[in-house]
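First comes the structure, then the notes that go with it.
The values are calculated or read from the model by the stated rules, or taken from the named source; none is laboratory data. Because the structure is a prediction, the values reported are computed rather than measured. Cβ sites come from the backbone with ideal geometry, for glycine too, and all protein chains shown count toward neighbours.
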Amino acid sequence: GNSVTQMEGPVTLSEEAFLTINCTYTATGYPSLFWYVQYPGEGLQLLLKATKADDKGSNKGFEATYRKETTSFHLEKGSVQVSDSAVYFCALRDSTGGFKTIFGAGTRLFVKA
Amino acid sequence: NAGVTQTPKFRVLKTGQSMTLLCAQDMNHEYMYWYRQDPGMGLRLIHYSVGEGTTAKGEVPDGYNVSRLKKQNFLLGLESAAPSQTSVYFCASSYGGGVLETQYFGPGTRLLVL
């Protein structure tokens with residue numbers, strides 16, 4: 001079945017450091033891939049998405065490229081801020097999965113000033 | 001535009017008690033979902049609905065029931081709460097069910113079952 005695997009957290013960085021959160025997936029069809037972010041005390045909100053191989057999603061300085069050959073969708077940001085502290089979820093949506101969204105376990109990011 | 005709202009925000013139940021969680025969306029979305037979020041496990045789908053009057057089971061439906069009598073509302077019921085149902089519950093909605101769809105989430109309901 002479909003699945004998403006994320007690197008375990010927490011990830012702790014200093015402000016302006018480079019961020020990478022790894023995400024790999026298993027899917028039987030042609031999935032769309034998503035990164036959602038959850039700020040403390042809030043629900044998840046879409047950060048970025050990519051719908052086909054080699055697409056790059058980007059938003060708020062975050063980027064992720066859909067790599068079919070390595071089944072990966074790693075999240076990157078060149079210079080993190082304290083306000084980026086949150087939990088980040090990688091997810092996929094695949095027609096063979098009945099249009100359900102499969103979420104990874106989440107990676108908590110702490111950014112220190 | 002309120003988006004997705006959930007009621008209540010927090011609740012404490014005793015084992016065996018019942019309760020209903022309410023989700024409301026004002027975006028005219030067809031699809032609605034209930035998830036539970038547990039530490040280290042991400043979000044797991046409990047039930048979902050593809051339109052008014054329809055519901056379907058998700059990944060972890062046991063112990064829960066749902067109803068979608070109005071398009072904008074999706075109710076999650078616990079008939080006899082158990083400590084294993086202690087969790088944070090999120091409602092979400094989407095316009096359609098396609099692979100490109102973005103889900104919009106409510107702020108969550110934190111439930112503690114003693």
Exercise. Applying the selection to the stretch A:23-53, what residues are touching a strand residue (DSSP E or B) at 6+ places or on another chain (Cβ under 7 Å), in a loop (DSSP other than H, G, I, E, B) and either within 21 Å of A:T71 (Cα to Cα) or within 10 Å of chain B (Cβ to nearest Cβ) (or both)?
Worked result: A:A27, A:P31, A:G43, A:T51
Seminar exercise, completed: Scanning the stretch B:79-110 residue by residue, those buried (at least 21 other Cβ atoms within 10 Å of the Cβ), among the aliphatic types (A, V, I, L, M) and touching a Lys or Arg at 6+ places or on another chain (Cβ under 8 Å) turn out to be B:A81
Problem set entry | Filtered residue count, the stretch A:67-107, keeping only those that are of a type outside the set (A, V, I, L, M, F, W, C) and within 30 Å of B:K57 (Cβ to Cβ) | 13
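Within the group B:G40, B:G53, which residue is loosely packed, with under 14 Cβ neighbours inside 10 Å, within 12 Å of chain A (Cβ to nearest Cβ) and outside any strand (DSSP E or B)? Before you say what the answer is, go through the steps one by one.
Details: B:G53 fails: within 12 Å of chain A (Cβ to nearest Cβ).
The conditions single out B:G40.
What are the residues in the stretch A:88-104 that are surrounded by fewer than 20 Cβ atoms within 10 Å (Cβ to Cβ) and at negative phi, if any? Quick ask: steps written out before the conclusion?
Step one: of the stretch A:88-104, the residues surrounded by fewer than 20 Cβ atoms within 10 Å (Cβ to Cβ) are A:95-100.
Within the stretch A:88-104, A:S95, A:T96, A:G97, A:K100 qualify.
Has the stretch B:69-85 got any residue that is closer than 20 Å to A:F34 by Cβ and at pLDDT below 95?
no
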Problem set entry | Per-region count, the stretch B:98-114, residues more than 16 Å from B:N28 (Cα to Cα) and not in a loop (DSSP other than H, G, I, E, B) | 5
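Just to be sure, is B:D62 in contact (Cβ under 8 Å) with a residue 24 or more places away in the chain, surrounded by fewer than 22 Cβ atoms within 10 Å (Cβ to Cβ) and of a type in the set (D, E, K, R)? Lay out the reasoning, then the answer.
Details: in contact (Cβ under 8 Å) with a residue 24 or more places away in the chain: no; surrounded by fewer than 22 Cβ atoms within 10 Å (Cβ to Cβ): yes; of a type in the set (D, E, K, R): yes.
Considered against the rule, which asks whether it is in contact (Cβ under 8 Å) with a residue 24 or more places away in the chain, surrounded by fewer than 22 Cβ atoms within 10 Å (Cβ to Cβ) and of a type in the set (D, E, K, R), B:D62 comes out as no.
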Exercise. Where residues in the stretch B:22-37 are among the charged types (D, E, K, R) and within 13 Å of chain A (Cβ to nearest Cβ), which of them is nearest to B:S84 (Cα to Cα)?
Worked result: B:R36
Seminar exercise, completed: Considering residues that are part of a loop (DSSP other than H, G, I, E, B) and either acidic (D, E) or more than 11 Å from every other protein chain (Cβ to nearest Cβ) (or both), the number found within the stretch A:54-101 is 17
Seminar exercise, completed: Note: among A:L33, A:L75, just one is under 19 Å from B:G96 (Cβ atoms), under 12 Å from the mean Cα position of the chain (by Cα) and buried (at least 21 other Cβ atoms within 10 Å of the Cβ), namely A:L33
